[in-house]
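Chemist: Would you mind keeping the following structure in view while I ask a few things?
The values are calculated or read from the model by the stated rules, or taken from the named source; none is laboratory data. No experiment lies behind these values; they were computed from the predicted model shown. Please note: Cβ atoms are built from the backbone with ideal geometry, for glycine as well, and neighbour counts cover all protein chains shown.
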Amino acid sequence: MQITTIEAFSARLFLEMAVGAVDLAIESLASIYAEAADFFVLDLDPTVLDFSTVEDDMDLVLLLESSNPDFLTLTPYGIDQFHSAGENLEEAFLELGEFFDQMTELAYAIAPYDEDFDIDGQLFIDDMEMTSDAVWEIHTDFAFPDSTIEIDGERVNLSAWFDNPPASLLVMWKNYLSGIDSSLGGLFPDRYVFAIEPDDAGITPLIFALHPNYPNPFNPATTILFDVPAGGHVTLTIYDLLGNEVVRLVDQDMSPGRKSVAWNARALSSGVYFARLEFADRQLTRKLLLMK
């Protein structure tokens, strides 16, 4: 069997589609690196950069933070460009999806003649269908904010940084190392850690109290402080304006003391939320304002 002129022309068009999509994706990512100085705050005070004291990643983060707390904070321009890059990647994966759909059709068309092409026709079909499905899943991730794909049994949000860029890569890194937020800016949405930390002062509070969260308003993370005057069961739950439970941050027996809980609301939309603290048949409520 010979490939016809039309088939050859179609194949060339398919390849041009794929090359164009890949080029668009590469250009979008390359622009971020090429304009790093415009995307991020990169100023550092060299007088405090003593790397001889750095023994691990956290030491490095704290050193950079002491040199400039705003280091690796995204600029307004950077945020806009991350959003634009996300739109370009969405378009790129749309084009790649269409390309592999065409390749799947081609695989089915030539499968009856696989001996003439010296190929395994069914394997070609399977490879193209699998690739097409994967590309369309990634496109969906970029097309719909907060959507995810599954990789090795774990939900992954590949478009997280493009849908909602982290305000500071340095803070994100610090939170990851400290165990407060292991999601790496939302890339791994199921890795959020709601860390409960005791008050450093170690003083047992006299009353049951729910303190204002900080920061407030926040985007996307905030810390909630509360006092437990005696040992007992404590629950801390977040509700939306309609009274629907959003997440239960604490539901356990606790020792007396001042506690702090980190909450990351990246997956939620802007708006007013309420934190309800319950202990020994008592309830306290605070209003939280998420602004993205």
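Chemist: Just name the residue that is nearest to E129 (Cα to Cα) out of those in the stretch 69-105 that are free of Cβ contacts under 8 Å to residues at least 60 places away in the same chain and among the hydroxyl-bearing types (S, T, Y).
Modeler: Only one residue fits best here, namely T104.
Chemist: Which residues, taken from the stretch 258-285, are of a type in the set (K, R) and either within 11 Å of F226 (Cα to Cα) or surrounded by 20 or more Cβ atoms within 10 Å (Cβ to Cβ) (or both)?
Modeler: Result: R258, K259, R266, R276.
Chemist: How about the stretch 158-167: which of its residues are out of contact with any Lys or Arg (no Cβ under 7 Å at 6 or more places or on another chain) and either closer than 19 Å to S270 by Cα or assigned by TED's automatic domain parsing to the domain that holds N219 (or both)?
Modeler: S159, A160, W161, F162, D163, P165, P166, A167 - these are the residues of the stretch 158-167 that are out of contact with any Lys or Arg (no Cβ under 7 Å at 6 or more places or on another chain) and either closer than 19 Å to S270 by Cα or assigned by TED's automatic domain parsing to the domain that holds N219 (or both).
Chemist: Sticking with this structure for a sec: Counting only residues that are under 15 Å from the mean Cα position of the chain (by Cα) and part of a strand (DSSP E or B), which one in the stretch 261-275 is farthest from L210 (Cα to Cα)?
Modeler: The selected residue is N264.
Chemist: Still on this structure, please answer the following. Read through the list (1) closer than 30 Å to F144 by Cβ; (2) buried (at least 17 other Cβ atoms within 10 Å of the Cβ); (3) not hydroxyl-bearing (S, T, Y), then give the number of the only condition that F71 fails.
Modeler: (1)
Chemist: Next question. Of the numbered conditions (1) in contact (Cβ under 8 Å) with a residue 60 or more places away in the chain; (2) within 21 Å of L42 (Cα to Cα), S66 fails exactly one; give the number of that condition.
Modeler: (1)
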